[in-house]
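J.: Before I ask anything, let me first share the structure, which is written out below as C-alpha cells.
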Amino acid sequence: MPGRGPRRPGPPVSASLAPAQAPLAAGPSADDLTAAERDRILAKAAIFAPPPAQLADGRRDLVGLSRDELIAEMVAIGEKPFRAKQIWHWIYHQGKTDFAEMTTIAKPMQQKLAERFVVARPEVATVQTSTDGTRKWLFKFRDGQQVETVYIPDDERGAVCISTQVGCTLSCRFCHTGTQRLTRNLGAAEIVGQFMAGRDSYGEWPSPKDEPRYLSNIVVMGMGEPLYNYENTAKALRIIMDGEGIGLSRRRITLSTSGVVPMMDRCGAELNVNLAVSLHAVTDELRDRIVPLNRKYPIKELLDACRRYPGASNARRITFEYVMLKDVNDSEAEARELIRLLQGLPAKVNLIPFNPWPGAPFETSTRAQTERFADVLNAAGYSSPIRRPRGRDIMAACGQLKAEMEKGGEG
Ligand code: SF4
C-alpha cells in the first residue's frame, strides 16, 4: 500500500559487485531516486488501470481520447484527420452525444461513426440537491463501479469537485473515502465525464465563451489521490483545458494532493494547474497519524516541493487544506507553528470544519476555536477562510453517499 513505511534511499551501488579494476560508481543521486519513485508510482497506477472505454458491442467511447488519438481513430476508419477537429468541437464545445446532431458531418459518415463509436456519459445512479444548492451525484460506470461528484454553487459560478479513483489507498483518518479500499483508477473518459454530466445537469452547453459560467471551476478533490492516477488525470485535465472545447483555463482548476512529492514536480511542469495540499497537521508526529502518506513524504519534503511548484506567487497562492479536529490539531500554538512552516511560501489556508460521519474518530472543532486559529493566521498575513459547511443535509462528506448506497444495496 503506498504511503506506508519510512522513505528509504535506494540501494547504494555495491563496490563488491563492480568489476575489480573499475572505478567506484557513484550512488544514485536525489534526482535518480525521485525518478525511480515516480516510475514506481506509475507502475502501481497501471495495476489499478480502468477497463477499456468500450461498450459490450465493441463500440469505442470517443470521450477521453486525446486529439492525436481521435485523429488516429478517424484515419483508421478511412476518414481525413480534420474530421477529428469537427468531432472534438461537437463533443466538447457543443456537448452533443448523438452523432445525428453533429450537423457539419454528412449523414453517411454520421452513420459510420454511430456504428463504431459512442459519445458516452457516466450513468447517474443517484442525484441529490441540498437546500443550499449543493448538488451531489453518484455516478456509475460500465463495470458497475461508482464515484461521487459534487457541485458547489457560489452566486453565478461554482466549482465541480471531481473524483479520480474508486476508493483510495491513503487512509487519511478524517476522510470517509479513506475507509473504502481502492478498487481501481478512473480513466480519462470517466474523469472528464463527471464534469460533462454535471454540465448536462445544468444545461450549460455549448461551452460558454465568456464569464460567468455556472460550472466555472474544477477542484480535483473528490474520491482518491489524483497524483496516484496521474496519467489519466492529466489526460482528462488537458481535454478540459483545450480552448476548442470545454476551454476551462488552468487558473480555474485546482488539483489537491495529500503530498505525493515526486509527482508534484511533474504536475507542475506539465499541467501547472493550481495546487492545493492536504496538510492538516504541523508536526510529522501528528501528520504521520492522520495523513499516513506523511511517513513517506514528511512535511519538510512536502513544503520543499511546494516551494518548487511553478508560478507560486501572491497572485497564485498554494492552498493548504486544514481540517479542524477538536483538541487534535486546532490550538493557537499549532497555528503559530503553521505560520513558521509556511514562511516565504505564497500560501492561503482553508480551514475546514470536520464533517463527521457515523463512527468517525474525531469531533469538529468549536466555531470559537476555529476562529481563534484563523485570527492567528490572518494576523500574520495569511488569508484563512473558514469553509462554510455545504450540503450537510445530503451527506456531503466525501465518500459518504457511496457508502450509504452500498449499505442500502443500491450500489
Ligand atoms: S483525503 Fe483524499 S487522499 Fe486522503 S483518504 Fe481521503 S480521498 Fe484519499
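J.: Residues of the stretch 194-231 being part of a helix (DSSP H, G or I), in contact with a strand residue (DSSP E or B) (Cβ under 8 Å, 6 or more places away or on another chain) and within 16 Å of the ligand (Cβ to nearest atom), which ones?
T.: Correct list: GLN194, PRO226, LEU227, TYR228.
J.: Need pairs with beta-carbon distance below 9 Å; first residue touching a residue at least 24 places away in the same chain (Cβ under 8 Å) and within the stretch 129-141, second hydroxyl-bearing (Ser, Thr, Tyr) and not in a strand (DSSP E or B); sequence gap 6+ or separate chains.
T.: ARG135/SER201; ARG135/TYR202; LYS136/SER130; TRP137/SER201; PHE139/SER163
J.: What are the residue pairs meeting all of these: first residue in the stretch 181-202, first residue closer than 15 Å to PRO226 by Cα and among the β-branched types (Val, Ile, Thr), second residue modelled with pLDDT under 95 and surrounded by fewer than 24 Cβ atoms within 10 Å (Cβ to Cβ), Cβ atoms under 7 Å, and 6 or more apart or on different chains?
T.: That search, which allows pairs on different chains as well, returns THR183/GLY167.
J.: Just checking, does the stretch 113-121 include any residue being more than 16 Å from the ligand (Cβ to nearest atom), under 22 Å from ILE218 (Cα atoms) and among the aliphatic types (A, V, I, L, M)?
T.: yes
J.: Kindly provide the set of residues from the stretch 302-315 that are away from the ligand (no atom under 14 Å from the Cβ) and surrounded by 15 or more Cβ atoms within 10 Å (Cβ to Cβ), ordered by number. First the steps, then the outcome.
T.: If we filter the stretch 302-315 for residues that are away from the ligand (no atom under 14 Å from the Cβ), which is where we start, we get 303-315.
Across the stretch 302-315, the qualifying residues are LEU303, ALA305, CYS306, TYR309, GLY311, ALA312.
J.: Of the residues that make up the stretch 364-376, is at least one surrounded by fewer than 16 Cβ atoms within 10 Å (Cβ to Cβ), within 22 Å of the chain's Cα centre (by Cα) and at pLDDT 70 or above?
T.: No: zero hits.
J.: Out of (1) of a type in the set (Gly, Ala, Ser); (2) farther than 16 Å from GLN110 by Cα; (3) exposed (fewer than 11 other Cβ atoms within 10 Å of the Cβ); (4) at pLDDT 90 or above, what's the single condition that is false for ALA72?
T.: (3)
J.: Considering each residue of the stretch 233-244, count those that are under 20 Å from VAL261 (Cα atoms) and more than 16 Å from the ligand (Cβ to nearest atom), and give that number.
T.: Filtering the stretch 233-244 for residues under 20 Å from VAL261 (Cα atoms) gives 233-235, 237.
Filter again for more than 16 Å from the ligand (Cβ to nearest atom), leaving 234-235, 237.
The qualifying residues number 3.
J.: If a residue counts only when it is more than 30 Å from ARG367 (Cβ to Cβ), which helices (runs of 4 or more DSSP H) contained entirely in the stretch 261-346 have at least 2 such residues?
T.: On the way: elements: 261-270, 284-290, 299-308, 332-342.
Result: 261-270, 299-308.
J.: Output the number of the condition that PRO262 fails; it satisfies all remaining conditions of (1) away from the ligand (no atom under 15 Å from the Cβ); (2) under 20 Å from the mean Cα position of the chain (by Cα); (3) at pLDDT 95 or above.
T.: (3)
The values are calculated or read from the model by the stated rules, or taken from the named source; none is laboratory data. Just so we're clear, the structure is a prediction, and the values are computed from it rather than from any experiment. With ideal geometry, Cβ positions are generated from the backbone for all residues, glycine too; neighbour counts draw on all protein chains shown.
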